[in-house]
1. Quick check on Arg110: is it part of a helix (DSSP H, G or I) and among the charged types (D, E, K, R)?
2. Just for segment 135-171: of the residues that are within 20 Å of the chain's Cα centre (by Cα) and open to solvent by 10 Å² or more (accessible area, probe 1.4 Å), which one is farthest from Pro289 (Cα to Cα)?
3. Restricting the search to segment 26-50, which residues are outside any loop (DSSP other than H, G, I, E, B) and open to solvent by 20 Å² or more (accessible area, probe 1.4 Å)?
4. For segment 51-100, which positions are open to solvent by 10 Å² or more (accessible area, probe 1.4 Å), outside any helix (DSSP H, G or I) and without any contact (Cβ under 8 Å) to a residue 24 or more places away in the chain?
5. Take the residues in segment 178-198 that are open to solvent by 70 Å² or more (accessible area, probe 1.4 Å) and either of a type in the set (Gly, Ala, Ser) or within 22 Å of the chain's Cα centre (by Cα) (or both); name whichever of them is farthest from Lys58 (Cα to Cα).
6. Any idea which of Lys70, Lys58, Lys38 is within 20 Å of Val197 (Cα to Cα) and among the charged types (D, E, K, R)?
7. Among the listed residues Gln218, Gln252, Gln270, Gln233, which satisfies the condition of being part of a loop (DSSP other than H, G, I, E, B), closer than 28 Å to Glu353 by Cβ and touching a residue at least 60 places away in the same chain (Cβ under 8 Å)?
8. Give me the pairs: first residue in segment 8-31 and farther than 19 Å from Asp171 by Cα, second residue among the charged types (D, E, K, R), beta-carbon distance under 6 Å, and six or more apart or on different chains, which are they?
Amino acid sequence: MHQMNELALKYGCNPNQKPSRIYMEDGSDLPVTVLNGKPGYINFLDALNSIQLVKELKEACGLPAAASFKHVSPAGAALGLPLSEVERKMYHIAPDMELSPLACAYARARGADRMSSFGDWIALSDVCDVPTAKLIQHEVSDGIIAPGYEPEALTILAGKKKGNYNVVAIDPAYKPASVEHKQVYGITFEQGRNELVINADTMLNNWVTENKTVTEEQKRDLIIALITLKYTQSNSVCYTAGGQTIGVGAGQQSRIHCTRLAGQKADNWQLRHMPKVLDLPFRDDVAKPNRDNAIDVYIGDTPEDVIGDDVWAETFTRQPEPLTVEEKKEYLSHVTGVCLGSDAFFPFGDNIERARRSGVTAIVQPGGSIRDQQVIDTCNKYGIAMAFCGIRLFHH
């Protein structure tokens, strides 16, 4: 395969930003090969951040991993654990569709926040197989990066977007330099790469709450949260459950806003399990993105926008019953076992109060606030287990 040390791009972040290229400053070959399409500047930012995330998830948890990125932050990340019948229905996957562990990983990553994942960039930890390609075939996506592709999988992907779907392979043996640079306003920044190893042995030793009991599954989910945060624009918090992210809040200036935003996404993911939501009577001609949008509105604060007397027939075969505030509250009151990670310390106990409302029972965060004790006290009040990992995970 012919390698090159630079690749010209159509333009930078925006069409007015020209010229644009990616290249290796030392003259060595690029570790990426474009197998189909013409990826752009933001595509490569997504590709190179997301592939690191899935590689680390696989190393830490020992299972195939996938991520769904939008605007250089993960909308979802997950491990390749089997899907239940309910999860298949939530993620619009036919009951008889063949799923490999890698396909399950992508189904979960995409299913975490389907609204945000519309037009996503995909990263896979393993060689893309046919079941995963068939799943991606029917999703609206911008491109994919993986260590390789089975020939039939590549043919399926290359057929997307009238043959213009972006398919990138990365050399799995590639090791970046230990010091990295970027320019802002003509000034060059230099820093050591964030080579921090995140796993249960390195991050989950210092349990600071009265409750120190967490299951192996929760430990795994706390690690998924931390690795996801390492590649999410800060400030960020991440809710996880069952081997996947269920709510990622990226780039908020205030931690409580972040906890609320990601918590709302996590709640929406939980509410999508409700029979009333799973059984919405969609018309056959309503495409998946429109279904996702309708579901989001239905479980939100203004369901009348999709089930109102004058609009319901555009989407449904009959007028659905509303999902009441009381029904949602009742359902969410039973949710438990959710995990939460934060990329820097929680400065106030209000973050814990909000997390508890989304069923959080285990938390990992760096600690180091002057109000750490208040945060620990709030956890103790609710029997939540919390570990201080002692290390901040900002990403800009």
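1. Details: part of a helix (DSSP H, G or I): yes; among the charged types (D, E, K, R): yes.
Considered against the rule, which asks whether it is part of a helix (DSSP H, G or I) and among the charged types (D, E, K, R), Arg110 comes out as yes.
2. Residues of segment 135-171 within 20 Å of the chain's Cα centre (by Cα): 135-147, 166-168.
Subsequent filtering for residues that are open to solvent by 10 Å² or more (accessible area, probe 1.4 Å) retains 135, 137-140, 142, 147, 166.
Details: Leu135: 15, Gln137: 14, His138: 11, Glu139: 9, Val140: 8, Asp142: 14, Pro147: 28, Asn166: 20 Å.
Of everything passing the filter in segment 135-171, Pro147 is farthest from Pro289 (Cα to Cα).
3. Within segment 26-50, the first condition is being outside any loop (DSSP other than H, G, I, E, B), and the residues that meet it are 32-36, 41-50.
Residues satisfying the conditions are Thr33, Val34, Leu35, Asn36, Tyr41, Ile42, Asn43, Leu45, Leu48, Asn49.
4. Correct list: Gly62, Pro82, Ser84, Ala94, Pro95, Asp96.
5. Selected residue: Ser178.
6. Values: Lys70 fails: within 20 Å of Val197 (Cα to Cα); Lys38 fails: within 20 Å of Val197 (Cα to Cα).
Sole residue among the options that is within 20 Å of Val197 (Cα to Cα) and among the charged types (D, E, K, R): Lys58.
7. Working: Gln218 fails: part of a loop (DSSP other than H, G, I, E, B); Gln252 fails: touching a residue at least 60 places away in the same chain (Cβ under 8 Å); Gln270 fails: part of a loop (DSSP other than H, G, I, E, B).
Among Gln218, Gln252, Gln270, Gln233, only Gln233 is part of a loop (DSSP other than H, G, I, E, B), closer than 28 Å to Glu353 by Cβ and touching a residue at least 60 places away in the same chain (Cβ under 8 Å).
8. As it stands, the answer is Ala8/Arg21; Leu9/Arg21; Tyr11/Lys18; Arg21/Glu6, since those pairs meet every condition given.
The values are calculated or read from the model by the stated rules, or taken from the named source; none is laboratory data. No experiment lies behind these values; they were computed from the predicted model shown. When we count neighbours, we look across all protein chains shown, and the Cβ atoms used for this are built from the backbone with ideal geometry, even at glycine. Heavy atoms of the whole protein, side chains included, go into the accessibility calculation; ligands, DNA and RNA do not. Shrake-Rupley method; radii C 1.70, N 1.55, O 1.52, S 1.80 Å.
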